[in-house]
Amino acid sequence: MGTESPKVGRSQEALVTAEGGFDFARLDGRRWPAQPRLWSPTAAIWTVAFWLALALAAPGAIAQDAAGFRRFVMDLWPQAQTYGVSRATFDRAFVGVEPDFSIPDLVLPGKRDDKGQAEFTRTPAQYINAAYLAKLSDQGKALLVKHRDVLEKIERELGVQRQFVLAIWGRETAFGAHRSPHYAIQVLATQAYAGRRKDMFRNELIHALKLLEDGILTRETMKSSWAGAMGLTQFMPSEYYGLAYDLDGDGRKDIWNSVPDALASAANQLRYRGWVARQSWGYEVRLPPAVTCGQEGPPHARSVRDWMKLGVTRTNGRAFPDDSLDAQAFVLTAGGTYGPAFLALENFMVIKRYNMSDLYAMFVGNLADRIAGGGAFDTPWGEVRQLSARGIEEIQQRLKTLGYGIDKIDGRAGMNTRNQIGAYQKASRMSVDCWPSQSVLASLRQGAAR
């Protein structure tokens, strides 16, 4: 990000789209330029080069659907134009770009695989890796001292505790050690063309083009994850325009190179998602026999005080903080009965909105606790087999067919799926563990065969 990058003012109002991104067709009562830019010889040269590169692309992934991808890019231009993207910028962005069918979360004709986010393909024991958490927490404690003034300013201005801001940075990029390898335009275009969430990624692709148009990034510096997230704290392009924050006061919002801006931007996103100041994310607990994994999730939330009346206690004999007793909390058992149980507070859901995964939010929460002086969970994770996404999808579909309240068929064992598995196990007189196991799938298949 160069010094010429324009600042997007904090007063500019982000419009949230139905897909969850930000729509910046309108800012401060103005519309981005909607009229076509004048055609130039340079733009013409880039256009010819772009389509020639696509036409001459080597056989491989693009050969599966080169014509369809070309049509997709052509259809994208009018929308990009309304956001003020010039034809020259648009064409330069796509020169030599072909879809990358190796990235996760795609829907390809005749091909099914189980690649996806680590949050959904690893078991809790694999994802909540104690050795890695210990390493990050040691680094985080050192950074807590190094960036004390910055973190204090973030707490004052944005109301997010310093340990959580550092934990986001640690989980997203290992405090900047991990460098995203992908060209954002390529992966966003692939996801918008062949992904499971086409509309969302189309919106992000338009905003990525806007980043190029505004000179915030260049083709060479626009590196991202396979999902298009960028910077030290991994922002999607639309989130940059809506939530990036200029903490160091240099007139730019540099989430790539400025630690103050990147950390403040993460805090600003948490604040936007509903962060409750001075509140924790949750507490590890012991559940009494009357409270089971089948009562997991926000629909069963009640105050911490009421959970205590039911016999829920913190591990190691610790007391719940007095200022948490009236807070709403819900049972969280991310590994079913094969791991620790928690009372999760609203900030757990806020962290989860940063990355929609229970395991991600738990990792960030525990890392934050460790940075602040806490330790590992008291209850170890059990070693369980993780069904494939296809197997979990089948469980979800069969439960839905039987009338259980499965909210979506996505191959991911989230809270709703675990809860409904627990309800099925109880109704079927099975041992209730709320885990999408082979035995649950076999029982569902056997029942359907009767």
Seminar exercise, completed: Under the Karplus relation with 6.51, -1.76 and 1.60 and θ = phi - 60°, whole-Hz ³J(HN,Hα) for the range 294-301, x at Gly and Pro, equal x, 9, 6, x, x, x, 9, 5
Seminar exercise, completed: For the range 351-450, averaging the sequence separation of alpha carbon pairs under 8 Å that lie six or more residues apart and dividing by its residue count, the contact order in percent is 22
Problem set entry | Among 216-227, 136-147, 374-385, 315-326, the order from most to least packed when residues are scored by Cβ within 10 Å on average | 216-227, 136-147, 374-385, 315-326
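Since every read-out is calculated from the coordinates, none of them should be taken as a lab result. If you're wondering where the values come from, they're calculated on a predicted model, not measured in any experiment. No Cβ is skipped: glycine too gets one built from the backbone with ideal geometry, and neighbour counts run over all protein chains shown.
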